[in-house]
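Novice: Here it is, the structure in full.
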Amino acid sequence: MKKLITGFIALLILFAACQPAGEQKTANSGDEIEKRVEELLAKMTLDEKIGQMNQYTSRWEMTGPAPANADSMFIYNMIKEGKLGSMLNVTGVAATRKVQKLAVDSSRLGIPLILGYDVVHGYKTIFPLPLAEAASWDPEVAKLSAKVAADESAAAGLHWTFAPMVDVSRDARWGRVMEGAGEDPYLGSKMAYARVKGFQGEDLSAENTIAACVKHFAAYGFAEAGRDYNTVDISEERLQNIVLPPFKASVEAGAATFMNSFNTLNGIPATGSIYLQREILKGEWNFDGFVVSDWGSIGEMINHGFATDRKDAALKAIIAGSDMDMEANAYIEDLKSLVESGQVKEELIDDAVRRILRIKFRLGLFDDPWKYCNEEREKSVLLSAENLATARDVAKKSIVLLKNETNLLPLAKSGQKIAVIGELAASKDVPLGNWRAQAIPNSAVSLLEGITAVAGAQNVIFAKGPDYVISARNFSTKLKYNETDLTGLDAAVKAAKSANVVVIALGEDCFQSGEGRSQSDISLKGLQQKLLEEVYKANKNVVVVLMNGRPMEINWMAENVPSILETWHLGSQAGNAIADVLFGDYNPSGKLPVSFPRSVGQMPLYYNHYFTGRPSGSDDVTLWSRYTDVSNSPLYPFGYGLSYTTFEYSNLNLSDSVLTANGELTVKVNLKNSGTRFGEEVAQLYIRDITGSIARPVKELKGFQKIGLNAGENAEVVFKITTKDLEFYTEANGWKAEPGKFKLWVGTSSTDDLEADFELK
């Protein structure tokens, strides 16, 4: 990792190395916008420039002419004085119109605010968690959900979402694994690109698109011990090969903004990293949007021991390339004196403001500040029947069938009694997930409602079982679980005994995963395991519906229960989507984007690990890289997922055994639906570089295709491989594909064994 450049010499280097943003030409920049940016910038005072770099959250209800309390009045006056460039958490047409009118009509230059919000997986219509959507292995699904979220957000007066999160994450202890696409950089890159395109469309100035904010830059998903906000220490090779690809894909998709991360990276807070922000993002990748800090992260550099005080934090953040300060008060309070003292050149301020204004112009805010404030559109778009239907479709495609040993699924729609058991089964709130934006509490279709709508109330017996969460449920409060009170257990057992089949909902409350929700124990909390075992004793025909935001430790369940359906937190239409799968109206096609562990002690766990010098040996011998108490392998591997039909792979064929430097290798395989019903299969291509200048992973995903086939139908699946697919990064050589031997696999998961060999010359 390159060392942080400090001091006055660093500034000179930066001025020489970093072109002004107006000189960076991209597909979506326009000469007219650049001209208008420069004209406006020339009119601005230093105070007004710094004001554009300042962001506060809303602290008052936008009802009266002015806020009543002093803190809110401060922000009110800042807007009037042109000292605020952005606000977050102002939502709804009435509120956004009021605050925008204040900025446009009352400030000297009338520069509109950019209004942001955490629209992570839907605005009013809530879609599956991003991790769940990644389980679809269908980028178009992610693009579609982001498009609907953008449409609803824009209709509610918003311009900007703090999404997508594209952190590669390999540790289920980390609560924020639910926000990303899982453990693989290739799948993560495809999903990142799709989500940016979904939010922004092809025209950022359209009334139904919003600016994306790619986060968290960078390596937040590698926090030590899976503990949120914690230290990250990784090699340059790992940073480049694993962490950065989804971020680069987002830039290629045209992402308007980036957000830096809370963590340190190799001793340097990401917020203060010249290397990340100036050299890579704005330098190598030619990113011409702006970078916003995460909440208070500029000030938190003091806590990291990287900055002595807030002024020092502001100095290091602006030198590093953090353009907008979210809620740290560092820029608005300290940048002006830093410029006046000569510690910060005004050119750095100009660069940041230029970037911010550029995005505001691209959004069309200067041409029509009110286009996002259409009350009629707000009424017609939010929670529309079309949006809810889309949410249901996306949700069912995100479900993964983990086990169906006795073909208990799909369930018959009539002729049997179904016991629906568990607090989560009746919840209309848990399926909404964390980061639920403006979702109406308790508005989701519950699992119980979904099953009842299909099977009829007369065929459904519900028993809640023991209470699960016994504390307040909200974004920032630690949950408490019932560990002792067995009230409701007997009723659940009785219901199980009286039914032909049991559907039991287990897993996590939606506020059990997410920011600040790291856990050292990822097994079932409370009395859930006790409930499951007692129900299973009463009736062996058990289907577990898992609702969760992370991989879980479910060994007993996997060993004993005949059917397990991974449903994550699926959003507004969760119950209907799950019922679609349970009763066979939709054949599950999801695949795991993360590995499920046998034990939390395996964390971090990921399929594309490296061999050791002693990779294998006898089970009776200890002297090789292994656990002595559990298998090295995951319980359920990356890419795994079953169907109600079966698929067979055969006739793997390569167009040549040799790939030349400028050539192309064609990989073909026959895929057959060997079962009795239509199904969709995700064919996955993996490659291993046998020998490299640095050790290479045992296997890397390099392609996937989702194919629908009728019973008995065959299809030829074709992949193309070029040297670009074989490139990897080393500090010595940069990005390069090295000649040598390769192994290739095509199949249904990361553990499939249909393989071939080729050589790069």
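Every number in this text was worked out from the coordinates using simple rules, so none of it is lab data. Every value quoted in this text rests on a predicted model; they were computed, and no experiment measured them. Cβ coordinates were reconstructed from backbone atoms using ideal geometry, including for glycine residues, and neighbour counts include every protein chain displayed.
Novice: Extending each Cα 7 Å along its Cβ direction at His609 and Phe475, get the distance between those two points in nm, one decimal.
Specialist: It is 3.7 nm.
Novice: Using DSSP to define loop residues, name the chymotrypsin sites (Phe, Trp or Tyr not before Pro) in the range 606-656 whose beta-carbon has at most 15 other beta-carbon atoms within 10 Å.
Specialist: Numbers: sites: Tyr606, Tyr607, Tyr610, Phe611, Trp624, Tyr627, Phe638, Tyr640, Tyr644, Phe647, Tyr649; in loops: Tyr606, Tyr607, Phe611, Trp624, Tyr627, Phe638, Tyr640, Tyr644.
Filter output for the range 606-656: Phe611, Trp624, Tyr627.
Novice: State whether the range 109-251 is rounded, prolate or oblate according to the following rule on the C-alpha gyration tensor (a ≥ b ≥ c being the square roots of its eigenvalues): a/c under 1.5 gives rounded; otherwise a/b larger than b/c gives prolate, and the remaining case gives oblate.
Specialist: prolate
Novice: Then there's this: If packing is taken as the mean number of other Cβ atoms within 10 Å per residue, what is the order of 135-141, 487-493, highest first?
Specialist: Output ranking for 135-141, 487-493: 135-141, 487-493.
Novice: What ratio of Cα Rg to 2.2 N^0.38 Å holds for the chain?
Specialist: Taking N as the residue count of the chain, the ratio is 0.97.
Novice: If each DSSP helix of 4+ residues adds -39,500 (n - 2.57) and the sum is divided by the residues in the chain, what number results at 222 nm, nearest 500 deg cm²/dmol? Display every interim value, and only then the final one.
Specialist: Working: 21 runs with 216 residues, N = 761.
Computed mean residue ellipticity for the chain: -8500 deg cm²/dmol.
Novice: Please give the contour-minus-distance gain from Ser631 to Asn670: 0.36 nm per residue of separation, less the Cα-Cα distance, rounded to one decimal in nm.
Specialist: Contour length minus Cα-Cα distance gives 10.8 nm.
Novice: Next question. For a label point 7 angstrom out from the Cα of Asp467 toward its Cβ, which stretches of the range 520-546 have the backbone nitrogen within less than 15 Å?
Specialist: Within reach of a label on Asp467: 526-528.
Novice: Could you tell me the distance between the Cα centroids of the range 593-666 and the range 383-420, to the nearest Å?
Specialist: Here the answer is 29 Å between Cα centres.
Novice: Students often check this: by mean Cβ neighbours within 10 Å, which of 539-549, 563-573, 500-510 ranks highest, and how do the rest follow?
Specialist: The most tightly packed comes first, giving 563-573, 500-510, 539-549.
Novice: Another question about this same structure. Report the net charge of residues surrounding Ala253, where surrounding means a beta-carbon distance below 12 angstrom and charges are Lys +1, Arg +1, Asp -1, Glu -1.
Specialist: Taking every other residue near Ala253 into account, the sum is +3.
Novice: Which percentage, to the nearest 5, of the DSSP beta bridges contained in the chain is antiparallel?
Specialist: Counting DSSP beta bridges with both partners in the chain, the antiparallel share is about 55 percent.
Novice: What is the spin-label model distance, in nm, from Ser657 to Ser72 if the labels are put 7 Å beyond Cα along the C-beta direction?
Specialist: Each label point is offset 7 Å from its Cα along the Cβ direction, giving 7.7 nm.
Novice: Taking just the alpha-carbon atoms of the range 7-378, what radius of gyration and Dmax come out, in angstrom?
Specialist: Rg then Dmax for the range 7-378, in Å: 19.2, 55.
Novice: Among residues other than Val502 whose Cβ falls under 13 Å from its Cβ, what is the net charge (Lys/Arg +1, Asp/Glu -1)?
Specialist: Net charge around Val502: +3.
Novice: Tell me, what is the Rg over Rh of the range 689-739, with Rh the Kirkwood radius over Cα pairs?
Specialist: Ratio of gyration radius to Kirkwood radius: 1.16.
Novice: Projected onto the charge dipole of the chain (+1 at Lys/Arg Cβ, -1 at Asp/Glu Cβ, origin at the Cα centre), which of Ala212, Thr308, Leu760 gives the Cα projection farthest towards the positive end?
Specialist: Checking the options against the dipole of the chain, the answer is Ala212.
Novice: So, with +1 on the Cβ of K and R and -1 on the Cβ of D and E, and no other charges, what is the size of the charge dipole of the range 135-255 about its Cα centre, to the nearest 20 debye? List each step's numbers first, then the result.
Specialist: Working: 12 positive and 18 negative charges, 21 e Å.
Its charge dipole is roughly 100 debye.
Novice: List the residues whose amide H sits under 5 Å from the amide H of Lys702, counting only those 5 or more places along or on another chain, with H placed 1.01 Å from N in the peptide plane.
Specialist: Those qualifying (amide H under 5 Å, at least 5 residues apart or on another chain) are Leu685, Tyr686, Ile687.
Novice: List Thr751, Thr45 from most exposed to least, where exposure is judged by having the fewest other Cβ atoms within 10 Å.
Specialist: Exposure proxy ranking, most exposed first: Thr45, Thr751.
Novice: Right, something else. Assign one of three labels to the range 385-594, namely rounded, prolate or oblate, based on the Cα gyration tensor with a ≥ b ≥ c the square roots of its eigenvalues; rounded applies when a/c is under 1.5, prolate when it is not and a/b is larger than b/c, and oblate otherwise.
Specialist: It comes out rounded by the Cα gyration axes.
Novice: Here's another thing I want to ask about it. State the percent of C-alpha pairs, over all pairs in the range 647-760, separated by a distance greater than 16 angstrom.
Specialist: Above the 16 Å cut-off, the range 647-760 has 60 percent of its Cα pairs.
Novice: Around Asp325, under 11 Å between beta carbons, what's the net of Lys plus Arg minus Asp minus Glu among the other residues?
Specialist: Computed value for this residue: -4.
Novice: Where the centre of each part is set by its Cα atoms, how far does the range 342-374 sit from the range 305-324, in angstrom?
Specialist: Answer, in whole Å: 21.
Novice: Now, a different point. DSSP loop (so not H, G, I, E, B), at most 16 other Cβ within 10 Å: list which chymotrypsin sites (Phe, Trp or Tyr not before Pro) in the range 142-191 pass both filters.
Specialist: none
Novice: Between Ala94 and Glu376, what length in nm is gained on full extension when 0.36 nm per residue of separation is reduced by their alpha carbon distance?
Specialist: 100.4 nm
Novice: Further question: What shape does the range 270-393 have by the C-alpha gyration tensor, where a ≥ b ≥ c are the square roots of the eigenvalues, rounded means a/c under 1.5, and otherwise prolate means a/b greater than b/c and oblate the rest?
Specialist: It is prolate, given that a/c is not under 1.5 and a/b is the larger ratio.
Novice: Report the FRET efficiency, 1/(1 + (r/R0)^6), for Ala457 and Leu623, where r is their Cβ-Cβ distance and R0 is 51 Å, rounded to 0.05. Please list the in-between numbers first.
Specialist: Values: r = 61 Å, r/R0 = 1.20.
After rounding to 0.05, the efficiency reads 0.25.
Novice: Taking amide H positions as placed 1.01 Å from N in the peptide plane, with prolines and chain starts having none, which residues 5 or more places from Ala437, or on another chain, fall under 5 Å of its amide H?
Specialist: Here Val120 satisfy the definition.
Novice: Give me, ordered by chain and number, the residues 5 or more places off Thr264 or on other chains with an amide H under 5 Å from its own placed amide H.
Specialist: When sequence neighbours closer than 5 places are left aside, the close amide H contacts are Val232, Ala270.
Novice: Right, another one. Taking Cα centroids, how far is the range 105-138 from the range 512-537 in Å?
Specialist: So the separation of the two Cα centres works out to 31 Å.
Novice: Placing +1 on the Cβ of each Lys and Arg and -1 on the Cβ of each Asp and Glu in the chain, which of Gly85, Ile126, Thr722 has its Cα farthest towards the positive end of the resulting dipole?
Specialist: Ile126
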